[in-house]
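In what follows, a structure is listed as structure tokens, so that the remarks can point back to it.
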Amino acid sequence: MNRTRARTPSRAASRLLLALFVLIAGSACGDLGTEGVLERVVVVSKQINEFMYEIGAEDVIIARDLTSVYPPAIKEKTSVGYHRALSAEGIISTRPTLLLTDGNVGPDAVIQQVKDVGIPVLVMRGGSTVDSAQALMAALGKRFHREAAADSVIAVWRQGMASIGSDSAKWAGQPRPRVLMIHFGQIINNYLAVNRGSTADRILHWAGGENAIDSLGGMTRLTPELIARAAPDVIIATDVGFDRFGSVEKFAQLPGVSLTPAGRDGRIYRVDESEIMYFGPRTPAAVKRIAGLLHP
């Protein structure tokens, strides 16, 4: 008796299928423009997406990643999913001329599939310092012909950073509240502490706070024991994690949180993730707001 064995498509066959998908999607959606091919960019990066809006280049963005939610207008753009769990079909279906990312993207196989069907992938590293973040904005201005707008935004941004320096000087020699900065990791579905040396840690320092976590670099997975041992005077929680509970009182009931001075005193505050997880033109305002929470 003959049996038919299911066969897994070869890599070459998979590439052909994806290429056909692009062709069909493009035919269904019509021409890109009458004056030649217009740029159609899928941007997978919170920082780059915000910067594109700041310099007035948002018109070339056709899709974003799920966590790019600032400015609010970007939510009108198509989402291609979580930046570390993308699908090739989701990206390709938007008919992009470019996939732009800061490199924090995956899976690698998906990025390779996008390249295989002829879509260029441009990696512009996110700025890990204020200077490198400003250099990123300048580079975006040049790439998308918004040089004057980028220069103008950077000039105002530098003025704001200068005011931070003078404001931060007053915290020298004064007691700093111990702060636990909690971020909700969506892909692993648990709570993480922002470690020392990070962007958020630097913002916290400028605002007159001291990180309650001693670990350096990246993030630390939190346990009730670690939260209690850190004994923060203040807890700052990013929006996604805080909003799962919806109030200070409910967040304070998290295991370990109720045992901290912050939990007992109700000193738990919500901030938008995009305010503290990367440097940008809003950084000066974020520092001032956090300073107001720490030193009422």
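The values are calculated or read from the model by the stated rules, or taken from the named source; none is laboratory data. Not measured: the values here are computed from a predicted model. Note: ideal-geometry Cβ built from the backbone for every residue, glycine included; neighbour counts use all protein chains shown. For accessibility, only protein heavy atoms count, side chains too; no ligands or nucleic acids. Shrake-Rupley method; radii C 1.70, N 1.55, O 1.52, S 1.80 Å.
Filter region 96-121 down to residues that are out of contact with any Lys or Arg (no Cβ under 8 Å at 6 or more places or on another chain) and within 24 Å of PHE279 (Cβ to Cβ), then give me how many there are. Before the answer, list the steps.
So in region 96-121, the residues out of contact with any Lys or Arg (no Cβ under 8 Å at 6 or more places or on another chain) come out as 99-101, 108-112, 114-115, 118-120.
The next check asks that each one be within 24 Å of PHE279 (Cβ to Cβ); those that pass are 99-101.
Within region 96-121, residues that are out of contact with any Lys or Arg (no Cβ under 8 Å at 6 or more places or on another chain) and within 24 Å of PHE279 (Cβ to Cβ) number 3.
Any residue at all in region 237-245 that's within 26 Å of GLN174 (Cα to Cα) and of a type in the set (Gly, Ala, Ser)? Yes.
Considering each of ARG95, ARG11, ARG5, ARG15 in turn, give the residue that is farther than 28 Å from THR199 by Cα, modelled with pLDDT of 95 or more and of a type in the set (Lys, Arg).
Going through ARG95, ARG11, ARG5, ARG15 in turn, just one is farther than 28 Å from THR199 by Cα, modelled with pLDDT of 95 or more and of a type in the set (Lys, Arg): ARG95.
Taking strands (runs of 3 or more DSSP E) that fall entirely within region 175-285, which contain at least 1 residues that are basic (Lys, Arg) and over 24 Å from the mean Cα position of the chain (by Cα)? Full working, then the answer.
Details: elements: 178-185, 190-194, 219-221, 234-238, 268-271.
Here the list reads 178-185.
When the residues of region 83-129 are filtered to those that are of a type in the set (Gly, Ala, Ser) and more than 19 Å from the chain's Cα centre (by Cα), the one that is least open to solvent (accessible area, probe 1.4 Å) is ALA88.
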